[in-house]
Amino acid sequence: MVNDLRKATGAGLMKCKKALVDANGNVEEAVTILRKQGEAFAAKKADRDAKDGVIESYIHLGGKVGVLIEVNCETDFVARNADFRAFVKDLCLHIAATAPTCVNREEVPEELVTKEREIASAQAEGKPPMAVQKIVEGKLEKFFAQSVLLDQPFVKTPEKTVRELVTETIQRTGENIQIRRFTRYQLGA
């Protein structure tokens, strides 16, 4: 069970064993425990400077879509690591496939959020006021999941968001990792 949990989460052997003990052998609960630990670990690293990293490029077959991304980490040791570079390459492929507009919610222009909120309110017109609020918030969450890179389901493993993928990479490397910026080019767009 420990080995299966390790393959599923990428966590260390002893962490998996402890999570299974804490979850009384329940694998799903152990996964939840490990994910919470990973998020806490990532939160501790969040205020550390990430001034090293890589700039990666990707040109899709046929040359119709190209992506340029900057992902930062704390040391050049991690920046040169094959696992980190594969992570960055996967981010490029994801951006080419999903066309997000920004890295995080803070980068979404307030006018665009207001416009989306107004559209959702108009679509929910005639419903009870409490339902309208929930409908508007649900539609905003869906909008963010489509346009914000960190909130998007990752194309290779849709059950995880890109944010969760970043958290897992922080856990594996032991360093703060930040997606600084990206540009996606599409021929004719």
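The values are calculated or read from the model by the stated rules, or taken from the named source; none is laboratory data. Values in this document were obtained by computation on a predicted structure and should not be read as measured data. Note that each Cβ is placed from the backbone with ideal geometry, even for glycine, and that neighbours are counted across all protein chains shown.
Data table
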item	result
Answer residue from segment 11-25, given it is surrounded by 14 or more Cβ atoms within 10 Å (Cβ to Cβ) and assigned to a loop (DSSP other than H, G, I, E, B) and is modelled with the lowest pLDDT among those	Ala11
Residues located in segment 103-126, provided they are closer than 15 Å to Glu137 by Cα, of a type in the set (A, V, I, L, M) and in a loop (DSSP other than H, G, I, E, B)	Ala124
Candidates Ile170, Ile135, Ile179, filtered to the one that is outside the structural domain of Arg35 (by TED's automatic domain parsing), over 24 Å from Ile69 (Cα atoms) and among the β-branched types (Val, Ile, Thr)	Ile135
Qualifying positions in segment 37-61 - at pLDDT below 65 and in a helix (DSSP H, G or I)	Glu39, Ala40, Phe41, Ala42, Ala43, Lys44, Lys45
Test for Asn81: is it modelled with pLDDT under 95 and under 17 Å from Glu164 (Cα atoms)	no
Condition check for Val136: surrounded by fewer than 17 Cβ atoms within 10 Å (Cβ to Cβ), out of contact with any strand residue (DSSP E or B) (no Cβ under 6 Å at 6 or more places or on another chain), β-branched (Val, Ile, Thr) and part of a helix (DSSP H, G or I)	no
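For (1) within 19 Å of Gly174 (Cα to Cα); (2) surrounded by fewer than 16 Cβ atoms within 10 Å (Cβ to Cβ), each residue gets a yes or a no:
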residue: Glu56; (1), (2): no, no
residue: Gly66; (1), (2): no, no
residue: Asp83; (1), (2): yes, yes
residue: Phe87; (1), (2): yes, no
residue: Pro100; (1), (2): no, no
residue: Val113; (1), (2): no, yes
residue: Glu118; (1), (2): no, yes
residue: Lys127; (1), (2): no, yes
